[in-house]
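Remarks on the structure that follows.
Nothing in this text is a laboratory measurement; each read-out follows from the coordinates by a stated rule. A quick note: this is a predicted structure, and the numbers were derived from the prediction, not measured. Note that we place each Cβ from the backbone using ideal geometry, even for glycine, and neighbour counts take in every protein chain shown.
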Amino acid sequence: MEGDAPVCRKRRDPVAKIDLNVDGKAHVIDADPAMPLLYALRDDLGLKNPRFGCGLAQCGACTVLVDGVPMRSCVMPVESMTGRKVTTLAGIQKDGKPHKVQQAFIDEQVPQCGYCLNGWVMTSVALLESNPQPTDAQIREALTGLKCRCGTHISMLRAVKRAAQA
Amino acid sequence: MNIQVNRRSLLAGAGALSVSVVLPGGKARAAVFGADKRPPLIPQNLSSYVSINADGSAVCYWGKMDMGQGTDLGSAQMVAEELDLPIERVAILQGDTGTSVNQGGASGSTGIQMGGTALASAAAEARFQLVQMGSKHLNIPADQLRTENGAVISKADAAKKVTYGELIGGRWFDTQLEWNNQIGNALFVKGAGTRKPVAEHKVIGTSPLRRDVPPKVTGSGDFVVDIKVPGMVHARVIRPPVAGASPVSVDEGSVKDIPGVQIVREQAFLAVVAPREYDVVKAARQLKVTWSDVKPPFPGNAKIYDHIRAAPVLMKGGDKPVGDVEAAFRNAAKVIEATYEWPFQSHASMGPACAVVELKGNGEAVLYTGSQKPHFTAEGAAAMLGLPKDKVRGIWVPGPGCYGRNDAGDAAADAGLIAKLTGKSVRLIYSRADATGWDPKGPASVHKARAAIDKDGNVTAWDFGSKGFSRLDVNSNESAPHDNLAGQMTGVALKPTHIFNTPEESYGFANKRKTWETIPPLLDRASPLRGAHLRDPLGPQIHFASESFIDEAAFATNTDPVAFRMKHLKEPRDLAVVKAAADKAGWQPRTAARKQQTGDVARGQGVAYAQRNGTRVAVVAEVEVNVRSGKVWARKVTVAHDCGIIINPKQLTMTIEGNIAQSLSRCLHEEVKFNDKNVTSVDWETYPILDMVEAPESVEIVLINMPNIAPSGAGEGTMRPFAAAVANAIYDATGVRIRQAPFTPERVKAGFV
Ligand code: FES
Ligand code: FES
């Protein structure tokens with residue numbers, strides 16, 4: 001009945017000072033170096049997202065960008081974040097304005113519960129960075145593996161296409 | 001009424017509110033109307049449903065909540081309509097026992113059907129009262145007044161007007177409504193004010209955008225998991241490895257390296273708490289527990305249908321039979337019959353349930369929950385806290401999507417118990433395995449259908465029977481300890497309700513029988529396989545069977561499946577949805593499976609239809625079946641949908657799209673696996689759902705608006721016929737009749753041999 005990624009048992013310092021750069025701000029936290037980044041973001045920094053969905057890298061609810069690449073923060077040891085730039089869903093806005101992917105998700109009224117959004121939005125942001133005009137098949141491929149239990153898949157495809165046009 | 005009120009008492013009244021109310025501006029009132037304090041929050045009071053801010057905008061108070069389908073917005077639109085206010089000026093507060101009466105929460109797709117309708121009725125009365133006040137204020141008889149854009153205006157002279165804000169802004173209505181003495185979904189109230197005629201609708205039928213979307217998309221909104229209360233500890237539960245076992249001993253030393261960890265144990269209930277979240281994750285993982293030796297309780301998923309067939313019948317039911325079914329079968333030239341099977345399915349909500357219980361230190365507590373029924377859920381938490389129910393305020397905060405009774409109510413009761421045992425405020429979140437493994441399940445069932453056909457190829461009798469687990473092993477109403485794991489694990493005996501359903505349709509077969517039988521739950525105590533409401537309780541399973549069998553009957557009588565439905569359906573609205581879906585989809589009539597195959601890909605089209613509590617839905621699915629792999633792709637889906645008058649076409653469309661994707665997920669992938677000891681579907685690998693690469697290429701939705709028919713629900717209707725439409729399409733593509741869900745590649749391939 002294991003519900004989370006393996007806890008690292010090789011305990012060095014139980015608690016260490018760890019530097020984090022999140023949404024452009026520098027932080028120092030005291031934490032178990034093996035603790036997943038997700039808990040640092042939520043518990044130590046008090047950020048509202050990303051979210052815990054599985055703790056197993058299976059759903060994407062905890063997705064953040066690490067140096068621009070979508071990563072599942074529920075399985076990334078916080079110690080591996082030193083010197084890297086973490087961006088959360090709240091951090092992709094510019095000058096208080098939603099990112100174009102966020103705006104497209106709003107315009108298309110995508111979310112139902114919205115709990116899954118970190119994965120879909122952040123992965124779409126990264127996709128459009130590397131491939132600004134993706135085909136339908138490329139969008140599906142880029143988003144494969146992410147979960148949305150409310151079944152907003154159809155509008156998400158529309159939203160990513162809309163963002164690519166924006 | 002002409003009372004002088006001073007500003008101080010107005011302030012006191014406003015202070016008692018939990019919403020910000022702008023105080024009245026400089027304009028003096030000719031008379032002072034209403035109360036300065038909110039009258040008691042009881043169903044009879046108009047103030048329990050609507051109030052006017054000083055700026056003339058309105059707030060409505062909804063004892064339901066929206067799970068992301070925009071039903072709060074739709075209800076606010078209905079209120080705005082009756083109040084003659086633009087929708088931007090109507091706020092809706094939802095799911096808080098401190099601000100709204102119990103309207104049953106999100107339940108049975110009744111958000112608009114019952115929740116919105118009750119609010120609209122109250123709003124019509126508010127408008128009536130505003131006109132009465134306006135009449136006094138303007139000294140013009142009420143029948144010579146109208147309302148427009150938040151003001152009461154003389155019909156004869158538009159210059160003579162007074163705004164709602166000037167009349168009662170910042171104060172409270174102090175009149176009563178006629179209440180039907182029901183709480184929950186059925187609550188209804190009515191006053192002297194009557195609802196507007198459809199011809200005058202300005203807000204109903206438009207598509208304003210949802211207000212919860214921007215904060216969700218930009219990450220600024222709160223979910224239950226984001227709630228923090230002073231002094232709270234984090235908690236995780238520890239469920240038994242064999243269902244039904246309880247902890248015999250717990251090795252405290254196994255977690256002593258974790259700071260501040262505390263073990264919470266009461267009979268079979270076991271949890272850990274600690275000040276830091278990651279520490280409870282570790283503690284739950286590390287804690288060594290010796291469990292009692294119990295006989296493995298389950299048959300295993302491979303044998304579940306045999307188990308159901310052999311199980312004793314606890315309760316029988318059905319619809320009133322039509323004609324003489326037995327005689328028709330005796331006289332039949334041909335009888336066809338088939339059996340269909342549907343597995344246990346999990347809510348598998350996007351995030352495991354979370355609940356926060358805040359102890360106020362004065363014998364009161366607050367529950368923050370994502371449950372669909374916060375009024376009842378707060379009672380469930382109160383029971384575990386050992387507090388009277390009026391001492392626990394329940395506040396709904398968005399949680400991961402909830403489609404019936406998911407794990408949220410159990411989390412609330414667990415958190416209540418942990419708070420009681422530790423004396424601390426608690427934030428509990430389940431692990432993924434606690435959630436998928438131990439959430440209440442949509443029940444498994446078998447369905448047997450028979451049809452009698454005469455020598456001319458007419459269907460003369462129809463006999464449909466279901467046997468399965470009840471949909472209410474635990475009630476959706478989460479208020480009683482016997483319905484929650486925390487209660488069940490601390491010695492409260494189960495109290496299942498035995499209930500099943502029958503197909504909802506209007507086929508006019510001359511002889512017709514629809515029956516059901518329920519069987520006992522698999523375990524006599526807290527069980528990970530307890531039957532409960534999962535989005536359209538029993539609807540997908542029953543209509544998968546009944547609408548697949550309609551297809552079989554159509555082909556058995558050499559009739560095209562659409563033509564068969566058009567021939568036998570009796571209600572015009574049902575005929576209309578079937579026709580609309582068939583037309584839109586470009587239905588190609590056939591009297592046998594067409595088996596159109598190019599290379600490895602076979603293509604087919606299938607239709608199915610159902611009613612649901614007033615709503616009617618027809619689905620045409622167009623699938624591609626890879627005959628080598630057995631994989632099914634629903635390339636195109638067409639839905640025709642009639643749920644009476646449409647409040648918000650955009651949100652209705654989105655709701656139907658969500659139904660489509662979730663239905664597809666359930667019929668292609670979802671089956672709770674379990675061995676003799678426990679559920680083994682515990683995460684997204686072992687309980688897969690729809691992936692983006694499998695989403696349909698195109699979706700067409702035909703909304704049929706019925707302006708003169710009261711709104712019915714849209715949250716579940718499409719779930720009903722969906723699986724059958726896909727199964728019927730697979731048959732058209734391949735000639736293989738799939739009678740067991742989900743339609744996995746293995747199952748589809750097995751049909752080819
Ligand atoms: S919570 Fe990280 S992938 Fe699910
Ligand atoms: S919107 Fe609810 S899980 Fe995606």
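Tell me the GluC sites (Glu not before Pro) within the stretch B:617-710 that lie in a loop according to DSSP and have at most 11 other beta-carbon atoms within 10 Å. Of the GluC sites (Glu not before Pro), the ones in loops of the stretch B:617-710 whose Cβ has at most 11 other Cβ atoms within 10 Å are B:Glu685. Straight-line reach from B:Lys316: which aspartates and glutamates have Cα under 13 Å away, leaving out those fewer than 8 places along the same chain? Cross-link targets: B:Glu517. Farthest towards the positive end of the charge dipole of the stretch B:629-747, among the residues B:Ala725, B:Asn675, B:Ser663, is the Cα of B:Ala725, using unit charges on the Cβ of Lys, Arg, Asp and Glu.
Could you tell me the calculated FRET efficiency between A:Asp95 and B:Gln44, based on Cβ-Cβ distance and R0 = 51 angstrom, to the nearest 0.05?
On the way: r = 50 Å, r/R0 = 0.99.
Computed FRET efficiency for A:Asp95 and B:Gln44: 0.50.
Counting only other chain Cβ atoms within 10 Å of each residue's Cβ, the peptide B:650-661 averages 4. Working note: Cα atoms of the stretch A:82-132, range along each principal axis, descending, whole Å: 36, 25, 22. Shape annotation for the stretch B:232-295: C-alpha extents along the principal axes are 37, 21, 16 Å, from largest to smallest. Direction-averaged projected area, Cα convex hull, chain B: 34.9 nm², rounded to one decimal.
Counting partner chain Cβ atoms within 10 Å of every residue's Cβ in A:129-135, what's the average? It would help to have the intermediate numbers written out before the result.
Details: counts 0, 0, 0, 0, 0, 0, 0.
Average neighbour count from other chains, rounded to a whole number: 0.
For the protein assembly as shown, the Kirkwood estimate of the hydrodynamic radius, built from every pair of different alpha carbons, is 28.9 Å.
A full extension of the chain between B:Asp157 and B:Thr194 corresponds to an added length of 10.9 nm, given 0.36 nm per residue minus the alpha carbon distance.
For chain A, the fraction of alpha-carbon pairs lying more than 27 Å apart is 25 percent, rounded to a whole number. Comparing A:Lys100, A:Lys85, A:Lys17 in a Gaussian network model of chain A where C-alpha atoms under 10 Å apart are linked, the largest mean-square fluctuation is found at A:Lys17.
Straightening the chain between B:Asp390 and B:Val248 buys 47.5 nm, computed as 0.36 nm per residue apart minus the Cα-Cα spacing.
The alpha-carbon positions of the stretch B:539-750 define a convex hull whose volume is 127 Å³ per residue. Highest GNM mean-square fluctuation among A:Ile139, A:Ile92, A:Ile106, for chain A modelled with Cα contacts below 10 Å: A:Ile106.
Annotation: amide H of B:Leu270 within the under-5 Å range of B:Ile238, sequence separation 5 or more or interchain, hydrogens built in the peptide plane. Proximity of backbone amide H atoms, modeled 1.01 Å from N, is registered between A:Gly145 and B:Met692, B:Val693 at under 5 Å, excluding neighbours fewer than 5 places apart on the same chain.
Per residue of B:206-218, other chain Cβ atoms within 10 Å of the residue Cβ number 6 on average.
Give the cross-link partners of B:Lys161 among the aspartates and glutamates, using a straight C-alpha distance below 20 Å as the criterion and excluding same-chain residues fewer than 8 apart. Qualifying aspartates and glutamates at Cα under 20 Å: B:Asp55, B:Glu81, B:Glu82, B:Asp84, B:Glu125, B:Asp143, B:Glu148.
What does the charge add up to near B:Glu716, with Lys and Arg as +1, Asp and Glu as -1, over the other residues with Cβ less than 9 Å from its Cβ?
Numbers: positive: B:Arg535, B:Arg612, B:Arg720; negative: B:Asp536.
Summing Lys/Arg as +1 and Asp/Glu as -1 gives +2.
Peptides B:360-367, B:375-382, B:102-109, B:419-426 ranked from most to least packed, by the mean per-residue count of other Cβ atoms within 10 Å: B:375-382, B:102-109, B:419-426, B:360-367.
State to the nearest 20 debye the size of the charge dipole of the stretch B:232-295 about its Cα centre, where the only charges are +1 on K and R beta carbons and -1 on D and E beta carbons.
160 debye
B:Asp72: net charge of surrounding residues, Cβ under 11 Å, Lys/Arg +1, Asp/Glu -1, itself excluded? So the surrounding residues net to +1.
Using 0.36 nm per residue of separation minus the Cα-Cα distance, give me the extension gain between B:Thr680 and B:Glu88 in nm, one decimal. Write down the numbers at each step before the final one.
Details: separation 592, 0.36 × 592 = 213.12 nm, distance 4.82 nm.
This chain segment gains 208.3 nm when fully extended.
Couplings 3J(HN,Hα) of the stretch B:530-544, computed from phi: 8, x, 7, 6, 10, 2, 6, x, 6, x, x, 5, 5, 7, 4 Hz, in residue order, whole Hz [Karplus 6.51 cos²θ - 1.76 cosθ + 1.60, θ = phi - 60°; x for Gly and Pro].
I need the peptides B:738-748, A:148-158 ranked by packing, meaning the mean over residues of other C-beta atoms within 10 angstrom, with the highest value on top.
Values: B:738-748: 19.9, A:148-158: 25.8.
Per-residue Cβ counts within 10 Å, averaged per peptide and sorted highest first, yield A:148-158, B:738-748.
With each label modelled as a point 7 angstrom along the Cα→C-beta vector, the B:Glu266-B:Glu571 pair spans 4.6 nm. Give me the lysines in straight-line cross-link reach of B:Lys282: C-alpha distance below 16 Å, same-chain residues under 8 apart excluded. Once the sequence-local lysines are set aside, what remains near B:Lys282 is A:Lys10, B:Lys256.
According to the Cα-based calculation, Rg over Rh for the stretch B:353-430 is 0.93, with Rh computed by the Kirkwood formula. If R0 is 51 Å, the Cβ-Cβ spacing of B:Gln596 and A:Val69 corresponds to a FRET efficiency of close to 0.70.
The alpha-carbon atoms of the stretch B:569-651 define a convex hull whose volume equals 123 cubic angstrom per residue. Here is the link list: B:Lys295/B:Lys424; B:Lys567/B:Lys636; A:Lys97/A:Lys161; B:Lys567/B:Lys650; B:Lys64/B:Lys320; B:Lys64/B:Lys360. Which ones come out longer than 29 Å on Cα distance? In this structure, B:Lys295/B:Lys424; B:Lys567/B:Lys650; B:Lys64/B:Lys320 lie more than 29 Å apart at Cα. For B:Lys320 and B:Val294, a Förster radius of 41 Å and the Cβ-Cβ distance give a FRET efficiency of 0.40, rounded to the nearest 0.05. Distance between the pseudo-spin-label points of B:Asn331 and B:Asn180 (7 Å out from Cα toward the beta carbon): 4.2 nm. Sorted ascending by nearby beta carbons within 10 Å, beginning with the fewest, B:Glu200, B:Glu571, B:Glu547 become B:Glu200, B:Glu571, B:Glu547. The residues neighbouring B:Tyr305, those whose beta-carbon lies less than 12 Å from its own, together hold a net charge of +2 under the Lys/Arg +1, Asp/Glu -1 convention.
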